[in-house]
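For reference, the structure discussed in these notes is given below.
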Amino acid sequence: MAKYIELGKLKGEAPKLFGIPTKTKLDEMFFTIREKNGKFVKEPLGGIPYQSVLNITGIPDTGKSLLAEQFAAVQADMGYKVLFVSVESPVQFLYSALKQKANALGLDFEKLEKNIVLIDAAMNSEFREDLNTLIGTMEDAIKDKHITNVIIDSITGLYEHKEMMARQIVRIFFNFLKKMKQTAILVSQKRSSQDMMSSEAAGGLAVAHIVDGTVVMGKELIETKWQANLYGLPFGTVLRTIRIDGCRITGHDDRTWVFEITEEGIVNILKPLEELVKST
Ligand SMILES: Nc1ncnc2c1ncn2[C@@H]1O[C@H](COP(=O)(O)OP(=O)(O)OP(=O)(O)O)[C@@H](O)[C@H]1O
Ligand SMILES: [Mg+2]
């Protein structure tokens, strides 16, 4: 490889900017600026940026896995191949979770069965202990099955007990996913001491610094009168929030949005938090 390169030589190599749909409001929260009749207008991207590697972070039970699975289901229903690397729970659990999602969203489950490929790094400790084996298997799957989207739930699980290595490990996966031209979601977990709505996760800011963008999911228990009044929510309920913390590839909405998890486990982004507060 050449040691240096002229900018002009990259003409035609830059990935096109368009959205890979999640079919949640996240698709409109990423935007681009296009020229229309001599004017510059903001246009929703219609998905997460093509060939981006995004980090979804949050404390436990904030809906990170649900959102990642929903993205996989939607993409598979659209006919795209998805590789799901499960580091937290055995892949058998994903079968019923994805079936439930297909039912709730009116997706064709047969397409999901065909288009979603799984690697079980939860039960198979070799994948967690020897990351080269995991990457080799991912490469085989991507090539053999013509994969375009990859999910790793979670990247944190790949540097458990070795958080000092977080940066190197995330870098290896990031570079690999870029080389394979994938659109990817890496789920990362927060430590309890970390600020709930920051992009920081286990391993520090390693994931957030390396990836193209971070989405932070949070939850707040309504336990004071002040909170109940502010949000117009009953005591003891949970306010769920989602925010794009940053994205290098394209513009994005920087507000905090409110979402619900439906009884069927679907992530439904509702409205900006400021609107909820205004309406009370
Ligand atoms: N099938 C379902 N139906 C209804 N609610 C669900 C369903 N699955 C999960 N939930 C709810 O959504 C919450 C978030 O689940 P999810 O597994 O996505 O969390 P997470 O952010 O990935 O957490 P962790 O960091 O522990 O992996 C659960 O705690 C539960 O309350
Ligand atoms: Mg999870």
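The values are calculated or read from the model by the stated rules, or taken from the named source; none is laboratory data. Only a predicted model underlies this, so the values are computations on that prediction, with no experimental measurement involved. Note: ideal-geometry Cβ built from the backbone for every residue, glycine included; neighbour counts use all protein chains shown.
Here are some notes:
- Qualifying positions in the stretch 211-236 - assigned to a loop (DSSP other than H, G, I, E, B) and touching a strand residue (DSSP E or B) at 6+ places or on another chain (Cβ under 8 Å): Val211, Asp212, Ile222, Leu233, Gly236
- When Gly246 is tested against the conditions (1) outside any loop (DSSP other than H, G, I, E, B); (2) surrounded by 20 or more Cβ atoms within 10 Å (Cβ to Cβ); (3) within 16 Å of the chain's Cα centre (by Cα), the lone failure is (2).
- For the stretch 54-86, taking the residues that are in a helix (DSSP H, G or I) and more than 12 Å from the chain's Cα centre (by Cα), the one that is farthest from ligand 2 (Cβ to nearest atom) is identified as Asp77.
- Residues in the stretch 87-106 that are within 16 Å of ligand 2 (Cβ to nearest atom) and in a loop (DSSP other than H, G, I, E, B) were compared, and the one that is surrounded by the fewest Cβ atoms within 10 Å (Cβ to Cβ) is Pro90.
- Here Leu118 meets each of (1) at pLDDT below 95; (2) under 22 Å from Val170 (Cβ atoms) with one exception, condition (1).
- Number of residues in the stretch 76-86 that are more than 24 Å from Thr262 (Cα to Cα), surrounded by fewer than 21 Cβ atoms within 10 Å (Cβ to Cβ) and aliphatic (A, V, I, L, M) equals 0.
- Only a single criterion out of (1) surrounded by fewer than 15 Cβ atoms within 10 Å (Cβ to Cβ); (2) touching a residue at least 24 places away in the same chain (Cβ under 8 Å); (3) under 20 Å from the mean Cα position of the chain (by Cα) is not satisfied by Met123, namely (3).
- Matching residues, the stretch 252-280, being exposed (fewer than 15 other Cβ atoms within 10 Å of the Cβ) and in a helix (DSSP H, G or I): Glu274, Glu275, Val277, Lys278
- The residue list Gly58, Gly46 contains one member that is of a type in the set (Gly, Ala, Ser) and buried (at least 21 other Cβ atoms within 10 Å of the Cβ), which is Gly58.
- If you go through the stretch 163-190 and keep only what is of a type outside the set (A, V, I, L, M) and more than 24 Å from Val91 (Cα to Cα), you end up with Glu163, Arg167, Gln168, Arg171, Asn175, Lys178, Lys179, Lys181.
- Of the residues making up the stretch 43-68, those that are more than 20 Å from Pro15 (Cα to Cα) and of a type outside the set (S, T, N, Q) are Ile56, Gly58, Ile59, Pro60, Asp61, Gly63, Lys64, Leu66, Leu67, Ala68.
- Residue count for the stretch 125-162 under the criterion of being touching a Ser or Thr at 6+ places or on another chain (Cβ under 9 Å) and more than 16 Å from ligand 2 (Cβ to nearest atom): the result is 6.
- Residues located in the stretch 152-196, provided they are under 18 Å from Cys247 (Cβ atoms) and not in a helix (DSSP H, G or I): Ile155, Gln182, Thr183, Ala184, Ile185, Leu186, Val187, Ser188
- If you filter the stretch 212-234 down to residues that are among the charged types (D, E, K, R) and exposed (fewer than 15 other Cβ atoms within 10 Å of the Cβ), you find that the one that is nearest to the chain's Cα centre (by Cα) is Glu223.
- If you go through the stretch 222-275 and keep only what is under 26 Å from Asn55 (Cα atoms), among the aliphatic types (A, V, I, L, M) and either more than 16 Å from ligand 2 (Cβ to nearest atom) or in contact with a helix residue (DSSP H, G or I) (Cβ under 7 Å, 6 or more places away or on another chain) (or both), you end up with Val238, Leu239, Ile244, Ile249, Val258, Ile261, Ile266, Val267, Ile269, Leu270, Leu273.
- Residue check, Phe93 more than 15 Å from ligand 1 (Cβ to nearest atom) and either touching a His at 6+ places or on another chain (Cβ under 9 Å) or without any contact (Cβ under 8 Å) to a residue 60 or more places away in the chain (or both): no
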